[in-house]
Amino acid sequence: MSTQYTVVGTRPVRHDGADKVTGRAIYGGDFTAAGLLHGFILRSPHAHAAIKRIDVSKATAYPGVKAVVTADDMPPAPGDKIVDLGEGETPLSYVRGNVLASGKVLYKGHAVAAVAAVNPHVAEEAARLIEIDYEVLPCTLTAPDAMRDGAPILHADLRMKELGQKTDRVSNISDHFRHVMGDAEKGFAEAEVVVEGEFNTSTVHQGYIEPHNATALWNNDGRIHVWCSTQGSFVVRDATACVLDQPVSQVKVTPLEIGGGFGGKIPVYLEPVAALLSKKTGRPVRILMSRQDVFEGTGPTPGSHLKVKIGARRDGKIVAAQAWLAYEAGAYPGAMVGPGAMCVFAAYDIANVVIDGYDVVVNKPSTAAYRAPGATNAAFATETLMDELAAKLGMDPIELRLANAAKEGTRRADGPKFRKIGCVEVLQAMKNHPHYSAPLGGPNRGRGVAIGFWFNVGLPSSCTISVNADGTVNLVEGSTDIGGTRTSVAMQAAEVLGLRAEEVLPTVVDTDSVGFTGVTGGSRTTFATGWAAHDAAQDVVRQMKERAAKLWEAAPESVTCERGVYQSNGHSATFRELAARIGETSGPVVGRAAVNPRGVGGSFAGAIADVEVDPETGKTTVVRFTSVQDAGRAIHPSYVEGQMQGGSVQGIGWALNEEYFMNGSGAMVNSSLLDYRMPTALDLPMIDTQIVEVPNPAHPFGVRGVGEANIVPPPAALANAIHAAAGVRMRRLPMNPPAVMEAIWRKSTSPDS
Amino acid sequence: MKWFDYAAPGSLSEALGLLERNPGALLLAGGTDLLVQMRARRKQADLLIDVKKAPELNELSLDAGGLTLGASVPCYRVYGNRDVARAFPALAEVAGLIGGTQIQGRASIGGNLCNAAPSADAVPLLIALSARCRIAGPGGEREMAVEDFCVAPGRNALGAGEILVSLRIPAGGAGFGAHYLRFIPRNEMDIAVVGSGVSVRLEGGVVSAARVALAAVAPTPLFAREAGDSLVGKAPDAAAIEEAARLASAAARPISDMRGPAEYRRHLCGVLTRRALTAAVAAAQGGK
Ligand SMILES: Cc1cc2nc3c(=O)[nH]c(=O)nc-3n(C[C@H](O)[C@H](O)[C@H](O)COP(=O)(O)OP(=O)(O)OC[C@H]3O[C@@H](n4cnc5c(N)ncnc54)[C@H](O)[C@@H]3O)c2cc1C
């Protein structure tokens, strides 16, 4: 911990702790309102079908039903209208089409119609009476299949973009892009050792415990009020307004507590539907998803198909790298293949690189962000090959990585040059960690390492701070708190004001009550909203100096402030003393800031994993796991460690058992937490953490953002550990027991593989 | 879920009467299978007859000949009863394997059997323990070997109006050992990919009787009679156990599904049966 700070780097109790541990916090499922109706969404049973006819008459007539809506109740989406909802540009028709299907359903679970009724059971029973004639179409479920000529086409109006140019080609490939740096062909010609492989990763879900929920009231004055669980209240506002063709000012979103998101609670699914049902009934309507709805009707992360090749000299210097990445976007374009391509070789300084990325639509749910979206898939390939390369070169895997590690000034193939980064520091911390040299402690065990990168994002944030007469301050922010950010943001204000963390009282408010604030995502909140809090606190300090000057009849410039003590010319007062007297000066003190920060600092993370593989069943047990990450500056180290542990666990689940298990007709057959097999507490060792701090020079406190990079290394680290334990190279996620067993069988029949 | 009525009769005869008068009724024990299935719309009922209040279905009593286990006795009572746990350690262990603590407060061994899932954890062990079912119905009472009870996935041998009253499990005694093992990818909260329940009786260092039954490798829990019989007359050494495990594996008729490919499941039958037999033999030798 740095001694230059008194609050930053400490571990105060979280501001929302009492409400959370006593069950008083209000989540979406707890929310209620007078006259509340309950909605139910009817979803497509088919992965791909044309909707020929919808007859809602029986549902409408069912006792207790108040309204039924379909896509026909939505305003039409002009085919060419493009919107930006915080995650890049998308045609409005896609956003709307995912909320309620019109003309065609594109995946099993696609929302088709909705019912509002006096209770959720009546709504469900009635929804089942809606008659829909489908013409079932052939479906395509994987990127390689969807990319082939003659594959069933999802969107007749989708034209492939090829290397930046629009083409006339009707295809499931919405985009093919390429990053080139140096001359990969020449590089490979110089290489003395080449490793390459083809990799597959399955579609996986973020697996937040709280299902999606939304309540909406379309009021008589035309304003729409939405209460929901979201990572971004302003995104919900803007998306709901867009889908319903309303000005943004007509929508007010009150974010409720959120039981996990990890990227999956950025898109809107229920909010516009609840609003339409409310419009028809004049009453507030609440819709809650079931677990099956969450799996089948929200956005998992892409399945992917990767071919990666790395060439090095005998001394370990990597001279060329090539990647071919095809990611499954699900029903609408937007697979996170762009970020995958940005991260695939980001950890290394390589002169000759070529990366091809393909964004491919398939008949699966439209994918959403998931913690460093796209990077984990890519790192699984790269970091497995790095392990193979180290073995071929006879080098320690961490030394090989250190010999090639990206540093300040290293250029990435997608363009940017790194500013100050902590790749080397993370690798050194791994090398020096006692875990790395500890004995394995038993047979059938192995150790693997991997590293990963996530670039993090900035985006706008707003904050106001008002001073209370008792010397505390109220901090108002728009960032929904999914990981303790009320506290990590408040702490940055406290540091500036010279207050204790507990003396800053943070509140996350609705979209009418604070300036625009981007999503809680991209590891940006402690970075950007924290920055806004820092600036708002400085605004308070400036005004407090003025007040002190007034009280002391001194010149404002003469007043100094050091850790909350204001002084001028022999006068001295604490923040609390001054606060008690602001009424005597010119009324309330309110500081404010709105930022759109540059200087985002990317974060590197590493994992050391020990596994034991049962050679008779193929089951992998994680016996020890250490996560290392560069936080820039750990504002609240416990929350940083919590992020590292959470990301590691999600990475372990992704690696070992999680997957969308699809049948041939495109249905997910394991859409329950019983069969989806996320790790439970009994499947995990304690996840050890080590925070590395290479401050981000651009941020007032050096923050980088730590929510994401930690999920990137685990699958590759486990694959490498499994290789060390069982002698098999895994090329596909999940590396579940049958897959590992099969690899062991293959090894025993072909001894040199 | 649609509305339904609920009744909690205080006796077996009352329950039988209700069942006879309401063809759209289903029986509810712990509800840990049934309510889940109803919520998923896989089952519907006009009336749920809660059989937990009928004393006949709540009996848990040990005598010289064995154990009477009422059909709706929840799992926690099985492992929580010290005498039962001492006399039938493998049964107590299975009762502690089904679900977690909350589930075990409700879930019954009888419900596990009646639900007739191929993957039911208690059933292979009940077969290995030679349990018999006591069934009551409009036409009186009858008995049945537990291996004949499950007839198809989710279907049992009960006729219209019939209720499983209890299970009768003969005493093991000296020289007897039993064990159940399942394979699950996680360490909890998972459905058996394969399960193997076994028992052995040793007399004078030689196997005098042995039974092997498998979970999740056939449309019903599978009694692999040949696997057990192969041990009879042999010393329970590694070679004999390996041969029984091979026969268990050969008896399996697994399918490929999200819980595992067929070939893998067949392989696991051998691994688990070998491991379970090894444990059962150790128990039989330890218990002499
Ligand atoms: C979270 C969770 C974890 C689980 N884990 C496991 C596990 O590890 N292993 C496992 O095998 N199972 C597991 N199960 C399934 C279930 O808990 C067990 O099968 C349990 O033993 C069922 O018993 P029950 O008393 O709850 O049965 P119920 O659900 O009440 O009944 C099951 C079926 O039997 C019928 N029935 C009940 N009593 C009688 C009777 N006397 N006569 C005739 N028919 C009757 C019912 O109508 C119903 O069809 C789990 C379930 C859950 C929800």
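The values are calculated or read from the model by the stated rules, or taken from the named source; none is laboratory data. Nothing here was measured: the structure is a model prediction, and the numbers come from that model. Positions of Cβ are backbone-derived with ideal geometry, glycine not excepted, and every protein chain shown enters the neighbour counts. What goes into the accessible areas is simple: the full protein's heavy atoms, side chains included, and nothing from ligands, DNA or RNA. Shrake-Rupley method; radii C 1.70, N 1.55, O 1.52, S 1.80 Å.
Assorted remarks:
- Check on A:Arg542, at pLDDT 95 or above, of a type outside the set (A, V, I, L, M) and assigned to a helix (DSSP H, G or I): yes
Residue-by-condition table, conditions (1) touching a Leu at 6+ places or on another chain (Cβ under 7 Å); (2) more than 12 Å from chain A (Cβ to nearest Cβ); (3) of a type in the set (Lys, Arg):
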residue	(1), (2), (3)
B:Pro185	no, no, no
B:Met189	yes, no, no
B:Gly195	yes, yes, no
B:Arg246	no, yes, yes
B:Arg253	no, yes, yes
B:Ala282	no, yes, no
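- A:Leu129 surrounded by fewer than 23 Cβ atoms within 10 Å (Cβ to Cβ) and under 17 Å from A:Ala329 (Cα atoms): no
- Set B:Val151, B:Val165: member being in contact (Cβ under 8 Å) with a residue 12 or more places away in the chain, part of a strand (DSSP E or B), open to solvent by less than 10 Å² (accessible area, probe 1.4 Å) and of a type outside the set (Ser, Thr, Tyr): B:Val165
- Cβ-Cβ under 9 Å pairs, at least 6 apart or on other chains, the range B:74-87 side away from the ligand (no atom under 16 Å from the Cβ), far side open to solvent by 50 Å² or more (accessible area, probe 1.4 Å) and modelled with pLDDT of 95 or more: B:Asn81/B:Leu62; B:Asp83/B:Leu62; B:Val84/B:Leu62; B:Val84/B:Arg77; B:Ala85/B:Tyr79; B:Ala85/B:Glu93; B:Ala87/B:Leu62
- Scanning the range B:91-125 for residues that are open to solvent by less than 30 Å² (accessible area, probe 1.4 Å), more than 7 Å from the ligand (Cβ to nearest atom) and either free of Cβ contacts under 8 Å to residues at least 60 places away in the same chain or closer than 22 Å to B:Leu26 by Cβ (or both) turns up B:Ala92, B:Ala95, B:Gln104, B:Leu113, B:Ala116, B:Val123.
- Checking each residue in the range A:414-444 for being under 20 Å from A:Gly316 (Cβ atoms), under 26 Å from the mean Cα position of the chain (by Cα) and open to solvent by less than 50 Å² (accessible area, probe 1.4 Å) picks out A:Cys423, A:Val424, A:Val426, A:Leu427, A:Met430.
- Scan of the range A:119-158 for residues that are of a type in the set (A, V, I, L, M), assigned to a loop (DSSP other than H, G, I, E, B) and closer than 21 Å to A:Asp359 by Cβ, ordered by number: A:Leu141, A:Ala151, A:Ile153, A:Leu154, A:Ala156, A:Leu158
- Among (1) open to solvent by 20 Å² or more (accessible area, probe 1.4 Å); (2) on the phi > 0 side of the Ramachandran plot; (3) in contact with a Leu (Cβ under 8 Å, 6 or more places away or on another chain), the one test that B:Gly233 misses: (3)
- Residue in the range A:603-620 that is more than 22 Å from A:Leu684 (Cβ to Cβ) and under 20 Å from the mean Cα position of the chain (by Cα) present: yes
- Unmet criterion (only one of (1) within 23 Å of A:Pro615 (Cβ to Cβ); (2) open to solvent by 20 Å² or more (accessible area, probe 1.4 Å); (3) more than 14 Å from chain A (Cβ to nearest Cβ)) for B:Arg275: (3)
- The range B:26-58, subset within 12 Å of the ligand (Cβ to nearest atom) and touching a Ser or Thr at 6+ places or on another chain (Cβ under 8 Å), residue farthest from the other protein chains (Cβ to nearest Cβ): B:Glu56
- Only one entry of B:Ala160, B:Ala174 meets the criterion of being assigned to a loop (DSSP other than H, G, I, E, B), open to solvent by 20 Å² or more (accessible area, probe 1.4 Å) and more than 13 Å from the ligand (Cβ to nearest atom), and that entry is B:Ala174.
- Some residue of the range B:183-193 being within 16 Å of the ligand (Cβ to nearest atom), touching a strand residue (DSSP E or B) at 6+ places or on another chain (Cβ under 7 Å) and outside any strand (DSSP E or B): yes
- All strands (runs of 3 or more DSSP E) inside the range A:1-118 with 3 or more residues being modelled with pLDDT under 95: A:82-84, A:89-91
- Selection of the range B:41-67 for residues being over 20 Å from B:Leu28 (Cα atoms) and either polar (S, T, N, Q) or in contact (Cβ under 8 Å) with a residue 40 or more places away in the chain (or both) yields B:Ser61, B:Ala64, B:Gly65, B:Gly66, B:Leu67.
- Residue match in the range B:230-246 (condition: assigned to a helix (DSSP H, G or I) and either closer than 22 Å to B:Gly70 by Cβ or in the same structural domain as B:Leu28 (by TED's automatic domain parsing) (or both)): no
- Criterion: open to solvent by 10 Å² or more (accessible area, probe 1.4 Å), in contact with a strand residue (DSSP E or B) (Cβ under 8 Å, 6 or more places away or on another chain) and small (Gly, Ala, Ser) - qualifying residue of A:Ala631, A:Ala607, A:Ala554, A:Ala580: A:Ala554
- Highlighted here are the strands (runs of 3 or more DSSP E) found entirely within the range A:595-714 that include at least 2 residues which are within 14 Å of chain B (Cβ to nearest Cβ) and at pLDDT 95 or above: A:603-613, A:620-630.
- Residue check, B:Ser130 within 14 Å of another protein chain (Cβ to nearest Cβ), more than 21 Å from B:Pro9 (Cβ to Cβ) and either more than 11 Å from the ligand (Cβ to nearest atom) or touching a residue at least 40 places away in the same chain (Cβ under 8 Å) (or both): no
- Filtered residues of the range B:63-98 (kept if over 21 Å from B:Val281 (Cα atoms), in contact with a strand residue (DSSP E or B) (Cβ under 8 Å, 6 or more places away or on another chain) and part of a strand (DSSP E or B)): B:Leu67, B:Thr68, B:Leu69, B:Gly70, B:Pro74
- Answer residue from the range A:166-187, given it is open to solvent by 30 Å² or more (accessible area, probe 1.4 Å) and among the hydrophobic types (A, V, I, L, M, F, W, C) and is nearest to A:Tyr27 (Cα to Cα) among those: A:Phe177
- Condition broken by B:Glu242, with the remaining ones in (1) closer than 27 Å to A:Leu674 by Cβ; (2) within 14 Å of chain A (Cβ to nearest Cβ); (3) at pLDDT 95 or above satisfied: (1)
- From the options A:Val559, A:Val496, residue that is open to solvent by 20 Å² or more (accessible area, probe 1.4 Å) and either within 20 Å of the chain's Cα centre (by Cα) or of a type in the set (A, V, I, L, M) (or both): A:Val496
- Candidate set from the range B:194-229 (those that are more than 20 Å from the chain's Cα centre (by Cα) and in a loop (DSSP other than H, G, I, E, B)); member that is nearest to B:Ala282 (Cα to Cα): B:Gly205
- Filtered by the rule that a residue be part of a loop (DSSP other than H, G, I, E, B) and closer than 18 Å to B:Val207 by Cβ, the range B:247-288 gives B:Gly287, B:Lys288.
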